[in-house]
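> This is the structure I want to talk about, given as structure tokens.
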């Protein structure tokens, strides 16, 4: 016989078991409903509702970069559903922020993969089509309601992400096969992160000139409406000319960092013809610096491709120049080449600003010493300034190498620099002297020929003595070279007289030795004086 207590227990157990059974049945029913709902949605998408498909290509019909593609790719990479997808591409990017760097991880949709997004209650899908286009799929009934707001949402989110990830990049053009160029496939530019450390603050330039350049760039950034009101394309062009190693490339890097613009390094040697050049320039993006280095080399090369050069000139100020805005064109040339270039190439309109990059002077030296050695002043500065004022010159690259090699000892760096400047000054003066001697020898030869070889002028040894500055080691070396040079010229002069029948010179061997001894004494004196300046 079952007691009352046992009856309550059995009832409770049966109730609990029934509840569990009903819960499992309900849970299974929900699973079944979810499965049926998904199947119904797929059938609904496929058979009951028509969809509108939008293809967003990487490049437009003019082969220019499609900004919407870049923004859409950035937006799709930020979708939470992409993290849950079966296939996705994971990338890492180094971000420089105020001198400190950190890595930012981001996703991209893999080729031929699909990801789902929702907006205002509507479901949309994205598909990556072979890495060349993105396909947006929207129901027709939702198209009018969500398309424009959805695209605005894409731009807003992408701009915020790009601002956080902003990194200046360096693009270089690559050689493309003829078949690819005809079809229009293949990317013409390859890019890497632009990590050049040069900034406007580290440039060894005249401070006033640097401030004028910065003001010009800032005015360019702010005057888009002003350019349009004048009917001009919103672009700026610079010509940088100077000797090698004077800082032209560093200036381009500092300019790109100052503007936060990408850099397109256009190598004309890899451009096949004018059509290829147009394709390359059309694929450059806005907010970019387009650099053509050593333009004079292509202008002076008679065997160069004339269509490529005409394309460059047309991009400066022709109809073709309107294909893209917010660009800065930079051309570089050598010091001597500017004077020999056709003035039509560098006329105003084609080139807005011309900047000369001279060899290093004392002002630029102090800027470099502050950056490289941490010096604001030094007891050897007056000696360095005096040498610069006497005409010595070296490029910023050469001086920078000396400072880097002696960065641990500023005193040794300055002494080494003084020695190098003295040697540079001596080499320049000797080079000029040799040129004068050659011209003088030719002139005297013509005079001798006109006088039937009856007279012959003597070499001016004072000019040789005048060029004997520098260190004691350099002075001794030059003394030896001057002896050889003087003896060679005297020997050639004697042989000329014998051939022409002219009487020998009246200078005796003892007088000749006396002159050489005098030259040696003066060379040693000048060398000792220069050496004492360095030691002091």
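Laboratory data are not the source of any read-out in this text; all were calculated from the coordinates shown. These numbers come from a predicted model, not from an experiment. Reconstructed Cβ throughout: ideal geometry from the backbone, glycine too, with neighbour counts over all protein chains shown.
> Based only on other Cβ atoms within 10 Å, what is the fewest-to-most ordering of 346, 116, 404, 399?
404, 116, 346, 399
> Right, another one. Over segment 363-414, what portion of Cα pair distances is larger than 18 Å, expressed as a whole percent? Intermediate values should be presented prior to the final figure.
Numbers: 293 of 1326 pairs.
More than 18 Å apart: 22 percent of the Cα pairs in segment 363-414.
> Here's something else I'd like to know. How would 398, 162, 208 line up from fewest to most surrounding beta-carbon atoms within 10 angstrom?
Details: 398 17, 162 13, 208 8.
Least to most surrounded, the residues fall as 208, 162, 398.
> Length gain on complete extension for the stretch residue 405 to residue 14, per 0.36 nm per residue less the alpha carbon to alpha carbon distance?
Numbers: separation 391, 0.36 × 391 = 140.76 nm, distance 9.13 nm.
My answer for the length gained is 131.6 nm.
> If you find the alpha carbon centre of segment 122-136 and of segment 229-256, how far apart are they in angstrom?
So the separation of the two Cα centres works out to 40 Å.
> Which FRET efficiency, nearest 0.05, do residue 92 and residue 132 yield, Cβ-Cβ r, R0 25 Å?
Details: r = 24 Å, r/R0 = 0.96.
Calculated value: 0.55.
> Let me ask something additional. With a ≥ b ≥ c the root eigenvalues of the C-alpha gyration tensor of segment 172-357, is it rounded (a/c under 1.5), prolate (a/b larger than b/c) or oblate?
On the way: a/c = 1.43, a/b = 1.30, b/c = 1.11.
Cα axes put segment 172-357 in the rounded bin.
> Here is a further query. Between residue 38 and residue 113, how high is the FRET efficiency from 1/(1 + (r/R0)^6) when r is the Cβ-Cβ distance and R₀ = 25 Å? Nearest 0.05.
On the way: r = 19 Å, r/R0 = 0.77.
About 0.80, to the nearest 0.05.
> Compute the distance in nm between two label points, each set 7 Å from the Cα along the Cα-to-Cβ direction, one at residue 174 and one at residue 83.
Reported label-point gap for residue 174 and residue 83 is 3.3 nm.
> For segment 189-237, how big is Rg over Rh, using alpha carbon atoms and the Kirkwood form of Rh? Please list the in-between numbers first.
Details: Rg = 14.8 Å, Rh = 13.4 Å.
Checking Rg against Rh, the ratio lands at 1.10.
> Rounded, prolate or oblate, given the Cα gyration tensor of segment 236-295, with a/c below 1.5 counting as rounded? Numbers along the way, then the final one.
Working: a/c = 2.69, a/b = 1.32, b/c = 2.04.
It comes out oblate by the Cα gyration axes.
> Give me 363, 332 sorted ascending by neighbouring Cβ count inside 10 Å, so fewest comes first.
Details: 363 14, 332 22.
Lowest to highest Cβ neighbour count: 363, 332.
> Sorted by average packing, counted as other Cβ atoms within 10 angstrom per residue and highest first, what order do 31-40, 387-396 take?
Values: 31-40: 10.1, 387-396: 17.8.
For the peptides 31-40, 387-396, the packing ranking is 387-396, 31-40.
> Follow-up question, since we're still on this one. For segment 51-166, what class follows from the C-alpha gyration tensor (a ≥ b ≥ c being the square roots of its eigenvalues): rounded when a/c is under 1.5, otherwise prolate if a/b is larger than b/c, else oblate?
Judged from the Cα gyration tensor, segment 51-166 comes out prolate (a/c at least 1.5, a/b above b/c).
> Would you kindly state how much longer the chain becomes between residue 319 and residue 342 on full extension, computed as 0.36 nm times their sequence separation minus their alpha carbon distance, in nm to one decimal? Please list the in-between numbers first.
Working: separation 23, 0.36 × 23 = 8.28 nm, distance 2.12 nm.
Net length gain for the segment: 6.2 nm.
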